[in-house]
Amino acid sequence: MRKEQADVKELENSIKDLELQLGKAESVLSGIKYHPELKGTLVMKYVKCGRPSCECQQGKLHGKYAYIKTKDEEGRQIFKYIKGKDKETLIPLYEENKRYKKALASVNKLKKALSHYKNLLRKEKKNQNGKKGQTCGQAQKD
Ligand SMILES: [Zn+2]
């Protein structure tokens, strides 16, 4: 019986801990602006230029250059080069979207874990309540 009580306590502690983490993660998320108008994701790439005499052919690649990884009309993956003028404005926005998605993923992960633990706790408590009637007095000490 002591074992089960320890489990409930453990679960309650895990839930408290997760709620704390979730609160932090949500406040991080609320501090990041999302830009839904941006398509695709930002990738920084090293590239070969194609000139046969260039040193990039020996592995000394050019870059990094900023590209937008996205899809064309037929759904094929393409990389669009970000030109010099757009770099200063677009890159920070894309990076902010990246941070937003990462923060959102961690909020969702924590929410999922939290509901999992709450379920476990509910089951555990139900288990214990169900047993109470038929166990010795010791188990009822709470
Ligand atoms: Zn080259």
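The values are calculated or read from the model by the stated rules, or taken from the named source; none is laboratory data. For clarity, every value in this text was computed on a predicted model and none was experimentally measured. All Cβ positions, glycine included, derive from the backbone under ideal geometry; neighbour counts span all protein chains shown.
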request  = Of the numbered conditions (1) within 25 Å of Ser27 (Cα to Cα); (2) modelled with pLDDT of 95 or more, Arg76 fails exactly one; give the number of that condition.
outcome  = (1)
ask   = If you check Tyr81, Tyr34, Tyr100, Tyr117, which single one turns out to be in contact with a strand residue (DSSP E or B) (Cβ under 8 Å, 6 or more places away or on another chain) and hydroxyl-bearing (Ser, Thr, Tyr)?
value = Tyr81
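Condition check: in contact with a Phe, Trp or Tyr (Cβ under 7 Å, 6 or more places away or on another chain) and at pLDDT 95 or above. Does Ile82 satisfy that?
no
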ask   = Can you tell me which residues in segment 31-47 are surrounded by 13 or more Cβ atoms within 10 Å (Cβ to Cβ), within 14 Å of the ligand (Cβ to nearest atom) and not basic (Lys, Arg)?
value = Val47
key: Options Glu55, Glu73; residue that is over 30 Å from Lys118 (Cα atoms), within 16 Å of the ligand (Cβ to nearest atom) and of a type in the set (Asp, Glu)   = Glu55
remark   = Pairing a residue in segment 50-76 that is closer than 22 Å to Lys98 by Cα with any residue that is more than 9 Å from the ligand (Cβ to nearest atom) and among the acidic types (Asp, Glu), where Cβ atoms lie under 9 Å and the two sit 6 or more apart in sequence or on different chains, gives Ala66/Asp86
query = Taking the condition of a type in the set (Gly, Ala, Ser), over 30 Å from Gln128 (Cα atoms), more than 16 Å from the ligand (Cβ to nearest atom) and at pLDDT below 95, does Gly50 pass?
reply = no
Tally of residues being under 18 Å from Ser27 (Cα atoms) and surrounded by 15 or more Cβ atoms within 10 Å (Cβ to Cβ) across segment 79-103 = 5
key: Members of segment 58-70 found to be within 16 Å of the ligand (Cβ to nearest atom) and surrounded by 12 or more Cβ atoms within 10 Å (Cβ to Cβ), listed by number   = Leu61, His62, Gly63, Tyr65
